[in-house]
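Written below as structure tokens is the structure these notes are about.
The values are calculated or read from the model by the stated rules, or taken from the named source; none is laboratory data. Because the structure is a prediction, the values reported are computed rather than measured. Glycine also receives a Cβ, built like all others from the backbone with ideal geometry; neighbour counts cover every protein chain displayed. For the accessible areas, the whole protein counts, side chains as well, though only heavy atoms, and no ligand, DNA or RNA atoms are used. Shrake-Rupley method; radii C 1.70, N 1.55, O 1.52, S 1.80 Å.
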Amino acid sequence: MIYQQKITQIGSFHINHSEDYVISTEIGKSRLLIAAMDGCTMGDESYFASALCGRLLRKISKSEFYREYVHGIQVPIDVQFKRVLSVLFDELISVKNILQLERNELLTTLLIGIIDVEALQGQVICLGDGVVCIDGQLTEFDQGNQPDYLAYHLTENFETWYATVNQKITFQGFRDISLCTDGILSFVDAETNQQNEVVTEHLIHYLLVDQAEISNENGLVKKLHRIKTKWNMINTDDLGIIRITLGK
């Protein structure tokens with residue numbers, strides 16, 4: 001049994017749109033592509049960049065699924081990952097040219113994972129910043145509020161750029177994985193507007209590790225409601241979470 005939960009929620013410091021976007025889509029018979037994107041607040045209409053990358057990844061995943069179906073071959077995850085990012089790279093260049101977009105209109109972080117739910121293995125790559133939780137182990141990618149956006153590199157050679165990507169996690173034997181934008185680190189007390197590290201730690205555990213509501217696809221919605229009404233905590237930055245849990 002595969003349980004999937006996802007949510008995006010606008011931060012209290014934002015007004016019009018949540019600039020985060022999350023997806024989960026099949027990329028092979030036993031594989032899922034999951035991703036969380038966070039548009040740059042200083043960019044131009046960055047919710048568009050996040051949604052655009054999400055839609056392109058969904059399109060690419062469909063092509064990968066059909067490729068595996070037609071050829072009957074499942075390539076290693078790292079090979080598939082590089083192919084996905086290569087196609088995304090080219091697609092973004094194409095869209096940028098067709099729509100005559102400026103670089104600031106394409107600024108979004110990309111936290112992407114490909115997981116095999118049968119082989120229980122996967123890989124995550126973070127382009128920018130974000131938070132990954134695998135079976136309770138938290139990894140924060142922090143670039144000091146200066147994310148190295150993919151859009152910065154679209155004029156470069158893909159192979160050269162890809163060789164420099166080092167924010168990667170490869171894992172085996174997983175049962176529970178979450179990808180989150182850095183909004184999960186932005187919770188404050190609704191009255192004092194102050195952060196509490198201990199409360200934040202418990203909050204993250206509640207959202208990404210705790211098994212309550214795990215079979216409810218709206219479980220994260222209910223948990224965030226409780227965090228606001230019972231804990232009196234709110235996220236100041238936009239929040240995006242995609243969580244995949246494998247039942248026994």
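For the range 185-233, the convex hull drawn through the C-alpha positions has a volume of 68 cubic angstrom per residue.
Translational diffusion coefficient of the range 93-136 at 4 °C, 1.567 mPa s, Stokes-Einstein with Kirkwood Rh over Cα pairs, in µm²/s as a whole number. Intermediate results must be reported in sequence, preceding the final value.
Values: Rh = 13.1 Å.
Rounded, D is 99 µm²/s.
With both labels modelled 7 Å from their Cα along Cα-to-Cβ, the residue 143 to residue 99 distance reads 2.0 nm. In straight-distance terms, cross-link reach from residue 228 covers every one of the aspartates and glutamates whose alpha-carbon lies under 13 Å from its own, apart from those fewer than eight places away in the same chain; here that gives 189, 191.
Enter the accessible area per residue of the chain (Å², integer; probe 1.4 Å; all protein chains in place). Could the numbers behind the result be given before it?
Values: 12250 Å² over 248 residues.
Solvent-accessible surface per residue comes out at 49 Å².
Can you find, among 166, 120, 195, the residue sitting farthest towards the positive end of the charge dipole of the range 112-248, where Lys and Arg contribute +1 and Asp and Glu -1 at Cβ? In the range 112-248, that residue is 120.
Seen from a random direction on average, the alpha-carbon convex hull of the range 100-162 projects onto 6.0 square nanometres. Between the beta carbons of residue 16 and residue 118, assuming R0 = 30 Å, the FRET efficiency works out to 0.10 to the nearest 0.05.
I'd like to compare 111-123, 67-79, 201-213: which one has the highest average count of other Cβ atoms within 10 Å, and what's the full order after that? Display every interim value, and only then the final one.
Values: 111-123: 19.8, 67-79: 12.4, 201-213: 15.8.
Put in order of decreasing packing, that is 111-123, 201-213, 67-79.
Taking Rg and Dmax of the Cα atoms in Å as the quantity of interest, determine which of (1) 17.6, 52; (2) 17.7, 58; (3) 18.6, 68 was computed from the displayed structure. Checking each listed value against the structure points to (2). Computed over the Cα atoms of the range 1-113, pair by distinct pair, the Kirkwood hydrodynamic radius stands at 15.1 angstrom.
Between their Cα atoms, which of 59/223; 6/29; 168/230; 6/168; 29/82 are more than 26 Å away from each other? Checking Cα-Cα distances, 59/223; 168/230 exceed 26 Å.
For the range 112-240, the convex hull drawn through the C-alpha positions has a volume of 126 cubic angstrom per residue.
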